[in-house]
Amino acid sequence: MNTPFLLSIFYQFFWVLLISLMAIGGYFMFRKFLKSLPKADGKSELDWQNHYIQKTLHLWNSDQKLLLNDLVSPVPELFRDVAKQKIAGKIGEIALQHHASKMTEAYIIEGYILATPKRDHKWLIQTLKKKNIDLKPYEHLLD
């Protein structure tokens, strides 16, 4: 094997890797762009998420915030803030639907389950079991 041949293989590998990484990054940027587009009501998914968080922020106490932090701890650190914000938005939406005067563990668990993609429910169940949380009231959400 001669040096120019090895060099050309290296260049080909480099370009395939570069294009693949750019495509993956573009995919995630495009998903974020779609979430920021306004829907028929004039607000985007991210706008509604922030709205629910702001409307229910006063309902949270420190123990409930710690519970939320514990629930999102299995999420890789790079994505943890985004996951926590999405889950907190869903919890806020549920609390507002029930006209809650205070945040409860039931709202937190229900929002955590609903905001988590179905493909991740295996890890979600493991996390809830580690926290000794009874899953019976939430079985209908886990199907």
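Each row is one residue, and each column tells you yes or no for (1) over 22 Å from residue 47 (Cβ atoms); (2) touching a Ser or Thr at 6+ places or on another chain (Cβ under 9 Å); (3) among the acidic types (Asp, Glu); (4) at pLDDT 95 or above.
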residue: 61; (1), (2), (3), (4): yes, no, no, no
residue: 109; (1), (2), (3), (4): yes, no, no, no
residue: 115; (1), (2), (3), (4): no, no, no, no
residue: 120; (1), (2), (3), (4): yes, no, yes, no
residue: 126; (1), (2), (3), (4): yes, no, no, no
residue: 143; (1), (2), (3), (4): yes, no, yes, no
key: When residues of the range 101-126 are limited to those that are crowded, with 19+ Cβ neighbours inside 10 Å and β-branched (Val, Ile, Thr), the one nearest to the chain's Cα centre (by Cα)   = 116
ask   = Of the residues that sit in the range 45-73 and are of a type in the set (Ser, Thr, Tyr) and surrounded by fewer than 16 Cβ atoms within 10 Å (Cβ to Cβ), which one is nearest to residue 110 (Cα to Cα)?
value = 73
query = Can you tell me which of 86, 32, 65 is modelled with pLDDT of 90 or more and either under 18 Å from residue 131 (Cβ atoms) or not assigned by TED's automatic domain parsing to the domain that holds residue 131 (or both)?
reply = 65
query = Do we find that residue 9 is closer than 30 Å to residue 101 by Cβ, of a type in the set (A, V, I, L, M, F, W, C) and modelled with pLDDT of 90 or more in this structure?
reply = no
ask   = Among the candidates 44, 20, which residue alone is in the same structural domain as residue 89 (by TED's automatic domain parsing) and out of contact with any strand residue (DSSP E or B) (no Cβ under 9 Å at 6 or more places or on another chain)?
value = 44
note = Just one listed residue, out of 37, 21, is surrounded by 10 or more Cβ atoms within 10 Å (Cβ to Cβ) and either among the aromatic types (Phe, Trp, Tyr) or free of Cβ contacts under 8 Å to residues at least 60 places away in the same chain (or both), and it is 21
ask   = Looking at the range 48-59, is at least one residue among the basic types (Lys, Arg) and modelled with pLDDT of 90 or more?
value = yes
query = So, in the range 74-88, of the ones that are surrounded by 11 or more Cβ atoms within 10 Å (Cβ to Cβ) and not hydrophobic (A, V, I, L, M, F, W, C), which residue ends up farthest from the chain's Cα centre (by Cα)?
reply = 74
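The values are calculated or read from the model by the stated rules, or taken from the named source; none is laboratory data. Owing to the predicted nature of the structure, the values given are computational and were not obtained by experimental measurement. Cβ coordinates were reconstructed from backbone atoms using ideal geometry, including for glycine residues, and neighbour counts include every protein chain displayed.
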